[in-house]
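Below: the structure, in structure tokens.
The values are calculated or read from the model by the stated rules, or taken from the named source; none is laboratory data. Being a predicted model, the structure only gives us computed values, none of them experimental. Backbone-built Cβ (ideal geometry, glycine too); neighbour counts: all protein chains shown. The accessibility values were calculated without ligands, DNA or RNA, using every heavy atom of the protein model including side chains. Shrake-Rupley method; radii C 1.70, N 1.55, O 1.52, S 1.80 Å.
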Amino acid sequence: MPILHPNDIVSSEITPPEIYRERRRFMQGMGALAAGAILGVAPEAGAGVKLAGVRASAYSIDEDKTPYKDVTTYNNFYEFGTGKGDPSENAGSLKTRPWTVAVEGEVANPKTYDIDALLKLAPLEERVYRMRCVEGWSMVIPWVGFPLKELIRRAAPTGNARYVEFVTLNDPEQMPGLRRRILSWPYLEGLRLDEAMHPLAILAVGLYGEVLPNQNGAPIRLVVPWKYGFKSAKSIVRIRFVEKPPLTTWMAAAPREYGFYSNVNPEVDHPRWSQARERRIGELSKRDTLMFNGYGAQVAQLYRGMDLQKFF
Ligand code: MTE
């Protein structure tokens, strides 16, 4: 089972604090200069294609953002290898145009969207979200995207639609990691319909004001900030509305370790390690992990009455 134990995260992969502090000083200086500049375009962002007309969102958190370099070089995307640096090194082979996303299953309006039409489906927003990986590290990422519910509303789910399945690209020509049977491909994830309709759940098409880098799940990925990062399926090609809970890739790989809900929960340990604390990438000391990753006020009502030890 290829998910690493937190102790496997060697310290050389975590930005040393002096470099981090230096970057922050630089950013703060630049931030003062750039006050009033276009939203989301941080001075240290990459030289990627800027996304126009991105709005601010009240759902953003006010915490220090993880530097662009860490967000884009410390990744999990097993289709491009299992090492943290593999996706940024290997994902250049992913072709993000042409690209379509099929919306199908229990809906009144099935439709195959061209990615450029999806980009115009709803106003793009910057959502600065806390992201917690099941391996015990976390980041704060300024995503750009739109609420998933905008797409769901247009699809008009039928009364039978209770879950949403996200299917990602399965093309070994573009994704060399697919030739290894380390997981059952394609990478599959799922949400209950009411979770998918929650305003915090977004389809992301960018980060730091720019088009999403391939290693982060271009051209379109899910972002569900109150759940462990693995729920946030990358490079989506199909969104299917179904009656039964989908068998997600991680549930198929290790059902005792990964449940359907995968809500961030410091009280439910992974069978092989504690989930009580986390290391924010770029910081030296660990911090306490928050219930629902700190989004409890917004999402706890989705799980009222459920035993979260059982439905982990
Ligand atoms: N999506 C696909 N298609 N393949 C993957 O291997 N890894 C998941 C998730 N989405 C993964 C994926 C895991 S384990 C995590 S933690 C996040 O993507 C990482 O997202 P990031 O690299 O943008 O931080």
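Overview of results
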| read-out | value |
| --- | --- |
| Surrounding net charge for Leu302, when Lys and Arg each add one and Asp and Glu each subtract one, Cβ distance under 15 Å | +3 |
| Cα-Cα over 19 Å, subset of Lys50/Lys231; Lys227/Lys310; Lys65/Lys286 | Lys50/Lys231 |
| Fraction of accessible area attributable to carbon and sulfur, the chain (%, probe 1.4 Å) | 53 |
| Listed residues Phe311, Gln215, Gly229: farthest to the positive end of the dipole of region 195-312 (Cβ charges) | Gln215 |
| Heavy-atom surface of the chain, accessible at 1.4 Å and reported per residue (Å²) | 44 |
| Virtual spin-label span in nm between Asp62 and Arg272, 7 Å along Cα→Cβ | 4.0 |
